[in-house]
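The values are calculated or read from the model by the stated rules, or taken from the named source; none is laboratory data. Please read all numbers here as calculations on a predicted model, not as lab measurements. So basically every Cβ, Gly included, is an ideal-geometry build from the backbone, and we count neighbours across all protein chains shown.
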């Protein structure tokens, strides 16, 4: 839409993959929506900065169940003619420590007990037989071939296209409007929109928008950087997502080269930003063999690629984190204000199923006590890698 409407039944704030998935699922429940996006293009801030991976190798049944549903949605969209760039090249979690052997074995046993019977536990020699570029330091790995990659922005745009939602770009929500403890509209940089329901799906900017009506959500934003090599033909194009389980450094083939990332637990929380400032030293921290977070620990060929004349670029986005690394899905304290946020790095994988949950909650198909992700739950902190 060229201008925001004077009124709407439902406003969704944010056109990234979470806002797009929300619009898609509410349309399936008979609700029409207007999406307000602060940027000049949809799905252009956090969504394209994602790793673009999906997996079922989790340490809890909740996420396995939800992401199974999301993956089914990916394939449904492809059957409807959308090219999402899906490649099932697997996730390979490598350990170089003796303690990792038992830890991986316990996790694989749990996963198989939850029905994930295609997860393999590979010895170091078996890993190198299948993936010859893996370091001799790797003692063991867990692998699932059916995990893989997807184009995050293509996914978001497909969901938007199928939702039928009207989208207003360059329209920043400045504050929420409340009357008698319920939502009455939103005030934007281009005028007010009256509405009875709002879904907050604004990624890192969700917290500041909520604060305009006095809500202090349990969210923090943390920078995550991605190193892109777009011209490295020596990288194995059929490689899986390769993860150093001890450090969180990981890489996967992409474009004409690869994406390289590190989920650094020492990265402090920071204020929501657009754009997110990058740290050019990130490249050396990932590629210098002497760095404790180097991808060379488990795939030594990166040292040679680092010395070669290839194209490198560092980009950055922000994870929106919750205390237990699970999203906030459902009603807020203000009537008519719904939350779909806090995916803690799993928005590409989980937003399809979680947005369906939210749509069902909004129309009364799921009661509060049937929602394990309700925003007022008790948070039990989990230490896990958000890859």
Q: Scan the helices (runs of 4 or more DSSP H) fully inside the range 24-142 and keep the ones with 1 or more residues being assigned by TED's automatic domain parsing to the domain that holds residue 186 and surrounded by 14 or more Cβ atoms within 10 Å (Cβ to Cβ).
A: 61-79
Q | Residues located in the range 176-190, provided they are under 27 Å from the mean Cα position of the chain (by Cα) and within 18 Å of residue 331 (Cα to Cα) | A | 176, 186
Q: Output the residue which, of all residues in the range 338-372 that are in a helix (DSSP H, G or I) and at pLDDT below 95, is farthest from residue 25 (Cα to Cα).
A: 369
Q.
Checking the conditions here, which among 264, 324 is closer than 19 Å to residue 93 by Cα, in a loop (DSSP other than H, G, I, E, B) and within 19 Å of the chain's Cα centre (by Cα)?
A. 264
Q.
Restricting to the range 176-191, give me the number of residues that are assigned to a strand (DSSP E or B), surrounded by fewer than 15 Cβ atoms within 10 Å (Cβ to Cβ) and either in contact with a helix residue (DSSP H, G or I) (Cβ under 9 Å, 6 or more places away or on another chain) or without any contact (Cβ under 8 Å) to a residue 12 or more places away in the chain (or both).
A. 1
Q) Which residue out of 278, 315, 213 is surrounded by fewer than 21 Cβ atoms within 10 Å (Cβ to Cβ), outside the structural domain of residue 125 (by TED's automatic domain parsing) and in contact with a strand residue (DSSP E or B) (Cβ under 9 Å, 6 or more places away or on another chain)? A) 213
Q | Index of the failed condition, residue 375 passing every other in (1) at pLDDT below 95; (2) within 18 Å of residue 220 (Cβ to Cβ) | A | (1)
Q. Taking residue 288 and the conditions (1) more than 22 Å from residue 219 (Cβ to Cβ); (2) touching a helix residue (DSSP H, G or I) at 6+ places or on another chain (Cβ under 6 Å), which numbered condition does it fall short on, given that it satisfies the others?
A. (2)
Q. In the set 316, 271, which member is at pLDDT 95 or above, under 30 Å from residue 208 (Cα atoms), touching a helix residue (DSSP H, G or I) at 6+ places or on another chain (Cβ under 9 Å) and assigned to a loop (DSSP other than H, G, I, E, B)?
A. 271
(Q) Can you find, within the range 194-217, the residue that is farthest from residue 134 (Cα to Cα) among those that are without any contact (Cβ under 8 Å) to a residue 12 or more places away in the chain and assigned to a loop (DSSP other than H, G, I, E, B)? (A) 214
**Q.** Filter result for the condition that a residue is assigned by TED's automatic domain parsing to the domain that holds residue 130 and more than 23 Å from residue 16 (Cβ to Cβ), over 258, 254, 269, 273
**A.** 258
(Q) Quick check on the range 244-258. Is at least one of its residues free of Cβ contacts under 8 Å to residues at least 40 places away in the same chain and crowded, with 18+ Cβ neighbours inside 10 Å? (A) yes
Q. Going through the range 218-234 one residue at a time, which ones are surrounded by 21 or more Cβ atoms within 10 Å (Cβ to Cβ) and in a loop (DSSP other than H, G, I, E, B)?
A. 219
